[in-house]
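**Q** Have a look at this one before I ask anything.
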Amino acid sequence: MKFDVLTLFPEMFEPLKVSIIGKAVQNGLLEINLINIRDFSKDKHKKVDDTPYGGGAGMVMMSEVVYDAYNSISNKEKAKVIYLSPQGKTLNQKKVVELSKEEHIILLCGHYEGIDQRVLDEIVDEEISVGDYVLTGGEIPAMILIDSVSRYIKGVLKEDSTKEESFSQDLLEYPQYTRPEVFNGKKVPEVLLSRKS
Ligand code: 21W
């Protein structure tokens, strides 16, 4: 599965280079391309945003630079374009499983107050939020989406740890223990001790 990420802050995506996701990239199960929107600014000062028409606080990312960054992505005809946005539909596990069936996802991360609506209308298929609280941009939400979706790609997790999740929701969740048998005077439940591996 391939992700292309359009962002002003590609350096925020370092966490995807370690652990399970980092290994999946190394093994070629997953491809994550970071595209720096600023690289597509034609302005001598590399300007990417401007004040909003009608006034209001903050800055708005300009259409053309976002559009040019998007158009630099190859083979995007079948890709799903997702804009991470506080106004989007909240991500849940059902949506995560659905997205894991896509071959190619393009993630657009806003920063500042948002992105000019005209380029969003032009390129975005779907808007997704990660919850009802305010962040500074779409980069951490994009990483949440990549992390949650990638778990469902065959070979990313060791066994099929995702099977029980989709069928039984969190009904099968239970407290877990490992060595030592006694910690701060608290013993591991007796019933588990005979089933040690
Ligand atoms: C937060 C951008 C607030 C803009 C019109 C005029 C992506 C996010 C984000 C951010 C505003 C997600 C406005 C949960 C999030 C994100 C940055 C305010 C107000 N509209 N999921 N002014 N929470 N946040 N815009 O914040 O980009 S997914």
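Each reported figure results from applying straightforward, stated rules to the coordinates on display, with no laboratory input. The structure displayed is predicted, hence computed values, not measured ones. Here the Cβ positions follow ideal geometry from the backbone for every residue, glycine too, while neighbour counts run over all protein chains shown.
**Q** Would you tally the net charge around L91, using a Cβ to Cβ cut-off of less than 12 Å, leaving L91 out, and scoring K and R as +1, D and E as -1?
**A** Around L91, the surrounding residues sum to -2.
**Q** Quick check on the chain: of the DSSP beta bridges with both residues there, what percent are antiparallel, nearest 5%?
**A** Percentage antiparallel, nearest 5: 20.
**Q** Fewest first, what order do H104, H45 take by the number of other Cβ atoms within 10 Å?
**A** The fewest-first ordering by Cβ neighbours comes to H45, H104.
**Q** HN-Hα J couplings of segment 49-60 from phi, Karplus 6.51/-1.76/1.60, θ = phi - 60°, integer Hz, Gly and Pro as x?
**A** These are the phi-based 3J(HN,Hα) values: 9, 8, 5, x, 4, x, x, x, 6, x, 10, 10 Hz.
**Q** Count the net charge of all other residues whose Cβ sits under 12 Å from the Cβ of H111, scoring Lys and Arg as +1 and Asp and Glu as -1.
**A** -2
**Q** Just from its helices, what would the mean residue ellipticity at 222 nm be for the chain, if runs of 4 or more DSSP H residues each count -39500 (n - 2.57) and the sum is divided by every residue, rounded to the nearest 500 deg cm²/dmol?
**A** Result for the chain: -7000 deg cm²/dmol, rounded to the nearest 500.
**Q** Fully extended, how many nm does the chain gain between D68 and K46 (0.36 nm per residue separation, minus their Cα-Cα distance)?
**A** 6.6 nm
**Q** Could you name the aspartates and glutamates in cross-link range of K42, using Cα to Cα under 16 Å and dropping any fewer than eight places away on the same chain?
**A** Qualifying aspartates and glutamates at Cα under 16 Å: D50, E64, D68.
**Q** Report, by chain and number, residues whose modeled amide H sits under 5 Å from the one on I106, excluding near sequence neighbours (fewer than 5 apart, same chain).
**A** For I106, whose amide H was placed from the backbone, the distant partners under 5 Å are D4, K80, V81, I82.
**Q** Moving on to the next point. Compute the long axis of helix 139-150 from its Cα atoms, compare it with the longest principal axis of the Cα atoms of the chain, and write down the angle in degrees, 0 to 90, nearest 10.
**A** 50
**Q** Now, a different point. Rank G131, Q93, G28 by how far each Cα sits towards the positive end of the charge dipole of the chain (+1 on Lys, Arg Cβ; -1 on Asp, Glu Cβ) and give me just the farthest.
**A** It is G28.
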